[in-house]
Amino acid sequence: MTGQIAGRIAFQGERGAYSHQACLDARPGMEPLPCRTFEDVIAAVRTGAADQAMLPVENTTYGRVADIHRLLPESGLFIIGEAFVRVHISLMALPGVQIEEVEKVRAHLVLIPQCAAFLSRYGIRGEAAADSAGAAAELAASGDRRVGVLASDLAAEIHGLHILARHIEDHAHNTTRFLIMAREPDYQRRGKSGMMTTFVFQVRNIPAALYKAMGGFATNGVNMTKLESYMVDGSFSATQFYADIEGHPDDPNVRLALEELDYFTSTMSILGVYPADPTRR
């Protein structure tokens with residue numbers, strides 16, 4: 001959903017980060033609010049400093065974003081939308097610098113391996129930075145002609161850097177999925193690509209509980225697009241599951257599947273009901 005919604009939307013990182021790009025793409029009418037950590041993003045919405053949050057959950061190249069699935073159930077927020085952002089990585093440097101002058105590039109740790117082929121071709125070494133957009137800001141202030149940055153085109157525009165090469169990532173499918181969160185849930189049917197429901201649950205301590213809990217989705221024809229597990233309270237025996245399904249809780253087949261799930265679980269909580277992003281299909 002890309003309506004012109006007013007207010008502020010919080011994201012983790014510096015201006016020019018891919019989360020910033022996601023805010024501009026999915027919520028063009030909202031003012032982006034940069035925050036230092038994911039916890040700060042959640043706190044900004046809970047305290048009213050922001051109206052919505054943009055949180056990355058998974059990437060097609062490096063998998064799920066660490067800690068997000070642990071934070072979501074405890075956040076007190078609800079998922080009201082999703083957005084997919086194609087991660088285009090560009091090499092940037094100070095204005096006037098030629099690519100032959102660049103000896104090293106700085107970027108977030110996950111970006112450097114994604115450009116391994118390009119960096120090897122030019123003999124450029126990588127150096128990890130806490131934040132790619134932050135590295136762009138630091139380069140603009142440093143004046144160092146030997147250093148480049150791997151980041152978004154938006155970061156180059158914001159910090160006045162020159163793009164030496166665009167879209168140098170090794171994999172053309174590199175995409176990040178974001179969840180848009182708010183203080184209140186929204187169960188209205190909306191969008192043109194169907195609805196999604198996200199929930200977390202813990203199964204009862206009985207044999208084959210997970211298998212039995214999943215049976216209701218199969219027999220009722222509900223497509224589960226994501227199922228992940230993670231430990232809770234630091235215990236190997238306590239596992240929480242995170243799931244995405246296609247459909248709305250009021251759909252007859254989804255309602256039946258959730259009722260069967262409830263029978264085999266000790267806890268179950270819906271984190272959000274939201275329109276599927278058109279690009280997920």
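The values are calculated or read from the model by the stated rules, or taken from the named source; none is laboratory data. Small disclaimer: the values here were computed from a predicted structure and weren't measured. Glycine gets a Cβ as well: all are built from the backbone with ideal geometry, and neighbour counts include every protein chain shown.
Output the residues belonging to region 9-31 that are in a strand (DSSP E or B) and either over 21 Å from Ala107 (Cβ atoms) or aromatic (Phe, Trp, Tyr) (or both).
Correct list: Ile9, Ala10, Phe11, Glu31.
Would you be able to say whether some residue in region 37-45 is under 20 Å from Ser152 (Cβ atoms) and buried (at least 16 other Cβ atoms within 10 Å of the Cβ)?
Yes, region 37-45 contains at least one residue that is under 20 Å from Ser152 (Cβ atoms) and buried (at least 16 other Cβ atoms within 10 Å of the Cβ).
Does region 24-32 contain at least one residue that is touching a residue at least 24 places away in the same chain (Cβ under 8 Å), surrounded by 23 or more Cβ atoms within 10 Å (Cβ to Cβ) and farther than 20 Å from Tyr242 by Cα?
Scanning region 24-32 turns up at least one residue that is touching a residue at least 24 places away in the same chain (Cβ under 8 Å), surrounded by 23 or more Cβ atoms within 10 Å (Cβ to Cβ) and farther than 20 Å from Tyr242 by Cα.
Counting just the residues of region 38-61 that are among the hydrophobic types (A, V, I, L, M, F, W, C) and either part of a strand (DSSP E or B) or in the same structural domain as Pro113 (by TED's automatic domain parsing) (or both), which one comes out farthest from Pro113 (Cα to Cα)?
This residue is Ala53.
For the structure I just gave you, tell me whether Lys212 is outside the structural domain of Leu55 (by TED's automatic domain parsing), more than 27 Å from Arg177 (Cα to Cα) and basic (Lys, Arg).
Spelling it out, Lys212 is indeed outside the structural domain of Leu55 (by TED's automatic domain parsing), more than 27 Å from Arg177 (Cα to Cα) and basic (Lys, Arg).
Which condition does Arg86 not pass, out of (1) closer than 30 Å to Arg146 by Cα; (2) of a type in the set (Lys, Arg); (3) at pLDDT 95 or above, if it passes all the others?
Result: Arg86 passes all but (3).
Kindly evaluate Ala133 against the criterion of being modelled with pLDDT of 95 or more, of a type outside the set (Lys, Arg), within 17 Å of the chain's Cα centre (by Cα) and closer than 18 Å to Ala156 by Cα.
Spelling it out, Ala133 is indeed modelled with pLDDT of 95 or more, of a type outside the set (Lys, Arg), within 17 Å of the chain's Cα centre (by Cα) and closer than 18 Å to Ala156 by Cα.
Within region 113-214, considering only helices (runs of 4 or more DSSP H) that don't extend past its boundaries, which have at least 2 residues that are in contact with a strand residue (DSSP E or B) (Cβ under 8 Å, 6 or more places away or on another chain), closer than 26 Å to Ala26 by Cβ and aliphatic (A, V, I, L, M)?
132-142, 153-159
Residue by residue through region 48-67, note down the ones that are buried (at least 22 other Cβ atoms within 10 Å of the Cβ) and more than 21 Å from Thr225 (Cβ to Cβ).
Ala50, Gln52, Ala53
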